[in-house]
1. Quick check on my filter: what residues within the range A:28-51 are surrounded by 13 or more Cβ atoms within 10 Å (Cβ to Cβ) and of a type in the set (A, V, I, L, M)?
2. Can you name every residue in the range A:64-81 that is farther than 20 Å from B:CYS40 by Cβ and more than 7 Å from chain B (Cβ to nearest Cβ)?
3. Tally time: how many residues in the range A:34-63 are under 18 Å from B:HIS185 (Cβ atoms) and more than 8 Å from every other protein chain (Cβ to nearest Cβ)?
4. Just wondering, is there one or more residues in the range B:36-55 that are part of a loop (DSSP other than H, G, I, E, B), of a type outside the set (S, T, N, Q) and surrounded by fewer than 17 Cβ atoms within 10 Å (Cβ to Cβ)?
5. In the range B:159-180, which residues are surrounded by fewer than 22 Cβ atoms within 10 Å (Cβ to Cβ) and in a helix (DSSP H, G or I)?
6. Has the range A:131-144 got any residue that is farther than 30 Å from B:ASN84 by Cα, among the acidic types (Asp, Glu) and modelled with pLDDT under 80?
7. Among the residues of the range B:142-158 satisfying the criterion of being surrounded by fewer than 21 Cβ atoms within 10 Å (Cβ to Cβ) and of a type outside the set (D, E, K, R), which is farthest from A:ARG42 (Cα to Cα)?
8. Counting just the residues of the range B:56-77 that are within 13 Å of chain A (Cβ to nearest Cβ) and touching a residue at least 24 places away in the same chain (Cβ under 8 Å), which one comes out surrounded by the fewest Cβ atoms within 10 Å (Cβ to Cβ)?
Amino acid sequence: MTLSCLESRERLLDRRGVARPEDLDLLAHLDVCGECAGFARRTAAVSESLSGLPRRPAPQELDGLVVAALQAGHRQDRAVGGLRGLSRLPVPAELAGRALDVQPRDARAPAVLDRLVDEDLRDQTAAMARRFAGRLERRPAPRVLRDRLEHFAPAPLRSTRIRRILLAAAGVTLLLAAGGVWLLVRGAGQGGPDRDFEVRYESSLDALDPMARSLLAGLSGGLVDTGAKRRL
Amino acid sequence: MRNDPDRSLVESCQVSPPTGLEGAFRALYEQYKDRVFNVCYRITGNMTDALDASQETFGIMFRKIGEFRFESKFSSWVYRIAVNASIDIKRRSGARWLASLDGSRESGGAELPRMDLRDDRTEAPAAAASRHELEDEIQQAILRLSPKMRAITVLRYVESLSYEEIGEALHISIGTVKSRLSRAHQALDRELTPVLDRHYLT
């Protein structure tokens, strides 16, 4: 009976890459299949390299650590045992009565309880961790974190500030420009001197009329002015 | 599990629960401490985490030994605790490491695992250096595996457990053991074959 490549490789993994003398069918397959023979060589080499890793004996300090852990665990057990052994005080009659008074008559477990109990039973550690993590106090980020961020990533923080200033400046310029236009229109309506519009094509920003330039700066959110500065 | 070699020691611990590292529990500790530490070391990849994981393993063993019912071999149970503690510690220390990236950058990667040089007296310095380099590369390849595959690789090749023992230790079927080992082997083959070729050809 001849083995398939898949069966041969499974067997080689079981044997850590080395066929035994009694594995006649496997040996026969390896004689005729170069790929499986290569797989056997590689598997043997990898297995050997892993099993050849030196064993790490436990260091001396482990004894001390384990003794400390066991003592802490024992103290904890004793404390829990002591708490469990405490006698239960009887509830004063008036308090018990009051508690019964405030208890709703048709108290029903909310639907979410099923899920919570189920999660708790499935993975108690995770559930406990989640419960306590949820109660942790939220701490504000310390000032030193912001300083560090500014130190390591100055560009984004500064650019945000500059962008805000530019935006505010653009808004003011736009308002001023709108006011100017309104005054011109009103002046024209009151019979003032006629003003003609002139269409001029400028190849450079620097050649623009200052009024037109400030209007353009306002409309572009200050980008035109910034560009001009960079060119300078 | 009728013929568990640790049965009498475990039962002694169950009859008179240990109050510290003494008596039957001490005997179990001595029997397992090297195996546990070795597994923890190979899964976490460094001494500090391996110590933490070993300590946690014996702490859990101490607290839970009374509940052990011999449904599996005691050794499988111990391996399971050690594997879980190591994976857990590795995950936590990974988070710590990410949080202190700045520190490790300044210290030039002092967190990297180090191999000890116990056998250097018996071999030439160049050969020892080459061996350490190879060991380091093999350990790094193990650490690049996913936690599940890392655990199975360590149990199979470092601790030489059978498929049945691995299945018992990790609570998985033999089929799953085989398929995970096959995948781990593929990954290790990809990582290690060039390393081994380079090492043995030079």
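The values are calculated or read from the model by the stated rules, or taken from the named source; none is laboratory data. Computed from a predicted model, the values in this text were never measured in an experiment. Counting neighbours? That spans all protein chains shown, and the Cβs are built from the backbone with ideal geometry, glycine included.
1. A:ALA28, A:LEU30, A:ALA37, A:ALA40, A:ALA44, A:ALA45, A:VAL46, A:LEU50
2. Pass one, the range A:64-81, residues farther than 20 Å from B:CYS40 by Cβ: A:71, A:74-81.
Across the range A:64-81, the qualifying residues are A:ARG75, A:GLN76, A:ASP77, A:ARG78, A:ALA79, A:VAL80, A:GLY81.
3. Of the residues in the range A:34-63, the ones under 18 Å from B:HIS185 (Cβ atoms) are A:35-53.
Checking which are more than 8 Å from every other protein chain (Cβ to nearest Cβ) leaves us with A:35-41, A:44, A:48, A:52.
Qualifying residue count for the region: 10.
4. no
5. Hits for the range B:159-180 are B:TYR163, B:GLU164, B:GLU165, B:GLY167, B:LEU170, B:ILE174, B:GLY175, B:THR176, B:LYS178, B:SER179, B:ARG180.
6. Scanning the range A:131-144 turns up no residue that is farther than 30 Å from B:ASN84 by Cα, among the acidic types (Asp, Glu) and modelled with pLDDT under 80.
7. First, pick out the residues of the range B:142-158 that are surrounded by fewer than 21 Cβ atoms within 10 Å (Cβ to Cβ): B:143-149.
Narrowing the set further to residues that are of a type outside the set (D, E, K, R) leaves B:143, B:145-147, B:149.
On the way: B:LEU143: 20, B:LEU145: 18, B:SER146: 21, B:PRO147: 23, B:MET149: 19 Å.
Applying the filter and picking the extreme gives B:PRO147.
8. Start the filter on the range B:56-77 by keeping residues that are within 13 Å of chain A (Cβ to nearest Cβ), which leaves B:56-66.
From what's left, touching a residue at least 24 places away in the same chain (Cβ under 8 Å): B:56-58, B:60-62, B:65-66.
Numbers: B:GLU56: 21, B:THR57: 28, B:PHE58: 28, B:ILE60: 19, B:MET61: 25, B:PHE62: 24, B:ILE65: 21, B:GLY66: 12.
Filtering the range B:56-77 for residues that are within 13 Å of chain A (Cβ to nearest Cβ) and touching a residue at least 24 places away in the same chain (Cβ under 8 Å), the one surrounded by the fewest Cβ atoms within 10 Å (Cβ to Cβ) comes out as B:GLY66.
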